[in-house]
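Peer 1: Structure below; questions to follow.
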């Protein structure tokens, strides 16, 4: 199919006070192509897409659709120009069916014909290869099905310019592969598709062209057939970056944390973890894989004393005394007072990890204020630590006195990981520590985790990128619906095998390549 410009941006500029988010950006997306947008944290990718989808309005510049200048002041305007954005965090009503969510918000003078809507949803699904039951309630759906509802919703509104923000972040490799096949069909049907992703291998396998932003400015667009990961990273960062995760062999691994038969339920009586058992060893990185909501967060919270258990034990082996302590039913403070050095990088970085209204120095002090000998707080050491973290992790901030809530999501994550690692833990638990980070920042974090491993720390790493889990970890524990479906050797397993385990609970016998 001959390509022509579906949407063209000319000299788009957007500022927030003194911060320039986008500066004179010009780029074109053609019909019948998939364009990926790459850039470091804070490079302006999301801001630019939010202007196309009507969430923000540009301060300067022009937007053209099919060669005609348009003004997009709201998401409603964007839909009228057949632009639809699928956000990373789904915006669905759980108690509604797929069809009810899809037609929600549409205006119609007559009463909606739900049967007709369901028929149209089926037609769209069949056309592009979606697997979607229009009558299924959202709360009964998998993450992949919920994403399908979001995509079909914009197609139902006849969108032919689609923007997808991190579309594979919570998908298994098999689900991501199916999504790519669907996106290629949509491209072949003449749709213009824009993808925001941090996964360079996906960019190269899926997109036709890649546009790179750096510090709010447009760097250039290249054909994916004429580039590679190293070249794209250099365009993003502005310098040569080595993208290698050095995985050393575990040195004298000792059992540090023994989790046996751990089970817990929520207030509604729903089982969150069911008979989970594993061992975390010093000088080793144990990865935890699973589709979203499989119990990863609850497992780490249980170890940290934030989840009440109704079954099982969590035994900690103190490396100094050799004494074994059961952490079950102890509070986080009690765990700390026992001398157990657990560091916990939670999934919700501002909700659980840091206090948004406090500055970086004060957030450093959250780890140490109880050790003070007087009512006056000592700020010199936390300030030095904050300055060291800013320098080592390349945190973009006006200074150490900046409130954390004013930092970008990626820089908030750096502050949190840096603070936890600085406490020299014997067990370091990290839930999605690189979520929202660009490729350069992610590799900084991976190397920090490897440094902890070399120092004899038992590292438990919850990740969503299976390629990284396989390359970084020594063993991988796979969770499915709150149960362990297998523990495998990361050096021998494939991501396809892990993907199957993420969706199917194994019963009986040892797993292939397993060591437990």
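Peer 1: Just need a number here: residues in the stretch 135-151 that are surrounded by fewer than 23 Cβ atoms within 10 Å (Cβ to Cβ) and over 19 Å from the mean Cα position of the chain (by Cα).
Peer 2: 7
Peer 1: Given the condition outside any loop (DSSP other than H, G, I, E, B), in the same structural domain as residue 492 (by TED's automatic domain parsing) and more than 26 Å from the chain's Cα centre (by Cα), answer yes or no: does some residue in the stretch 269-279 qualify? Even if it seems obvious, please write down each step before you answer.
Peer 2: Residues of the stretch 269-279 outside any loop (DSSP other than H, G, I, E, B): 271-279.
Those left that are additionally in the same structural domain as residue 492 (by TED's automatic domain parsing): 271-279.
Those still in the list that are more than 26 Å from the chain's Cα centre (by Cα) too: 275.
Checked the stretch 269-279: at least one residue is outside any loop (DSSP other than H, G, I, E, B), in the same structural domain as residue 492 (by TED's automatic domain parsing) and more than 26 Å from the chain's Cα centre (by Cα).
Peer 1: Select, from 394, 337, 378, the only residue that is modelled with pLDDT under 80, out of contact with any strand residue (DSSP E or B) (no Cβ under 7 Å at 6 or more places or on another chain) and under 27 Å from residue 442 (Cα atoms).
Peer 2: Every option except 394 fails the conditions.
Peer 1: For the stretch 160-267, which fully contained strands (runs of 3 or more DSSP E) count at least 1 residues that are outside the structural domain of residue 127 (by TED's automatic domain parsing) and surrounded by 18 or more Cβ atoms within 10 Å (Cβ to Cβ)?
Peer 2: 255-265
Peer 1: Could you tell me how many of the residues in the stretch 473-498 are in a helix (DSSP H, G or I) and touching a strand residue (DSSP E or B) at 6+ places or on another chain (Cβ under 6 Å)?
Peer 2: Looking only at that region, the number is 1.
Peer 1: Another one. Of the conditions (1) at pLDDT 80 or above; (2) surrounded by fewer than 16 Cβ atoms within 10 Å (Cβ to Cβ); (3) not in a loop (DSSP other than H, G, I, E, B), residue 370 fails just one. Which one is it?
Peer 2: The number of the failed condition is (1).
Peer 1: Also: Has the stretch 25-39 got any residue that is in contact (Cβ under 8 Å) with a residue 12 or more places away in the chain and in a loop (DSSP other than H, G, I, E, B)?
Peer 2: The answer is yes; a qualifying residue exists.
Peer 1: Moving on to the next point. Give me a count of the residues in the stretch 484-499 that are surrounded by fewer than 24 Cβ atoms within 10 Å (Cβ to Cβ) and either within 14 Å of residue 294 (Cβ to Cβ) or within 19 Å of the chain's Cα centre (by Cα) (or both).
Peer 2: Number satisfying all stated conditions: 4.
Peer 1: Continuing with this model, one more query. Look at the stretch 398-428 and say how many of its residues are without any contact (Cβ under 8 Å) to a residue 60 or more places away in the chain, buried (at least 19 other Cβ atoms within 10 Å of the Cβ) and either out of contact with any strand residue (DSSP E or B) (no Cβ under 9 Å at 6 or more places or on another chain) or closer than 25 Å to residue 293 by Cα (or both).
Peer 2: Counting residues in the stretch 398-428 that are without any contact (Cβ under 8 Å) to a residue 60 or more places away in the chain, buried (at least 19 other Cβ atoms within 10 Å of the Cβ) and either out of contact with any strand residue (DSSP E or B) (no Cβ under 9 Å at 6 or more places or on another chain) or closer than 25 Å to residue 293 by Cα (or both) gives 3.
Peer 1: What are the pairs, 6+ residues apart or on separate chains, where a residue within the stretch 458-475 that is farther than 11 Å from residue 245 by Cα has its Cβ under 6 Å from a residue that is part of a strand (DSSP E or B) and modelled with pLDDT under 90?
Peer 2: What qualifies is 458/427; 459/428; 460/429; 461/430; 462/431.
Peer 1: Kindly indicate whether any position in the stretch 211-222 is more than 20 Å from residue 47 (Cα to Cα) and modelled with pLDDT of 90 or more.
Peer 2: yes
Peer 1: From the list 431, 481, which one is modelled with pLDDT of 80 or more and surrounded by fewer than 19 Cβ atoms within 10 Å (Cβ to Cβ)?
Peer 2: After applying the criteria, what remains is 481.
Peer 1: Here is a follow-up. Can you name every residue in the stretch 395-436 that is under 28 Å from residue 477 (Cα atoms) and part of a strand (DSSP E or B)?
Peer 2: Residues satisfying the conditions are 427, 428, 429, 430, 431.
Peer 1: On to the next question. For the stretch 453-465, which residues satisfy the criterion of being surrounded by fewer than 23 Cβ atoms within 10 Å (Cβ to Cβ) and part of a helix (DSSP H, G or I)?
Peer 2: Listed by number, the list holds a single entry, 454.
Peer 1: Considering only the stretch 1-51, how many residues are touching a helix residue (DSSP H, G or I) at 6+ places or on another chain (Cβ under 8 Å) and closer than 13 Å to residue 213 by Cα? Walk me through how you get there before you give the answer.
Peer 2: First, the residues of the stretch 1-51 that are touching a helix residue (DSSP H, G or I) at 6+ places or on another chain (Cβ under 8 Å): 1, 7, 9, 12, 14, 21-22, 25, 32-34, 36-43.
Those still in the list that are closer than 13 Å to residue 213 by Cα too: 12, 21-22, 25, 36-43.
Residues in the stretch 1-51 being touching a helix residue (DSSP H, G or I) at 6+ places or on another chain (Cβ under 8 Å) and closer than 13 Å to residue 213 by Cα: 12 in total.
Condition check ((1) at pLDDT 80 or above; (2) in contact with a helix residue (DSSP H, G or I) (Cβ under 6 Å, 6 or more places away or on another chain); (3) more than 30 Å from residue 271 (Cβ to Cβ)) across all residues:
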| residue | (1), (2), (3) |
| --- | --- |
| 310 | yes, no, no |
| 316 | yes, no, no |
| 320 | no, no, yes |
| 325 | yes, no, no |
| 348 | no, no, no |
| 351 | no, no, no |
| 359 | no, no, yes |
| 400 | yes, yes, yes |
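Peer 1: Testing residue 154 on (1) outside any loop (DSSP other than H, G, I, E, B); (2) modelled with pLDDT of 85 or more; (3) crowded, with 20+ Cβ neighbours inside 10 Å; (4) touching a helix residue (DSSP H, G or I) at 6+ places or on another chain (Cβ under 7 Å), one condition comes back false. Which one is that?
Peer 2: Here residue 154 meets the rest and fails (4).
Peer 1: Let me ask something else about it. Out of 391, 414, which single residue is closer than 30 Å to residue 201 by Cα and out of contact with any helix residue (DSSP H, G or I) (no Cβ under 9 Å at 6 or more places or on another chain)? Lay out the reasoning, then the answer.
Peer 2: Values: 414 fails: out of contact with any helix residue (DSSP H, G or I) (no Cβ under 9 Å at 6 or more places or on another chain).
On inspection, the qualifying residue turns out to be 391.
Peer 1: Given the stretch 55-134, what strands (runs of 3 or more DSSP E) lie entirely inside it while holding 3 or more residues that are modelled with pLDDT of 90 or more and either surrounded by fewer than 19 Cβ atoms within 10 Å (Cβ to Cβ) or not assigned by TED's automatic domain parsing to the domain that holds residue 178 (or both)?
Peer 2: Values: elements: 60-65, 68-70, 83-86.
Once the strands (runs of 3 or more DSSP E) in the stretch 55-134 are filtered for at least 3 residues that are modelled with pLDDT of 90 or more and either surrounded by fewer than 19 Cβ atoms within 10 Å (Cβ to Cβ) or not assigned by TED's automatic domain parsing to the domain that holds residue 178 (or both), what remains is 60-65, 68-70.
The values are calculated or read from the model by the stated rules, or taken from the named source; none is laboratory data. Just so it is clear, the structure is predicted and the values come from calculations on it, not from any experiment. Every residue, glycine among them, receives a Cβ derived from its backbone with ideal geometry; neighbour counts consider all protein chains shown.
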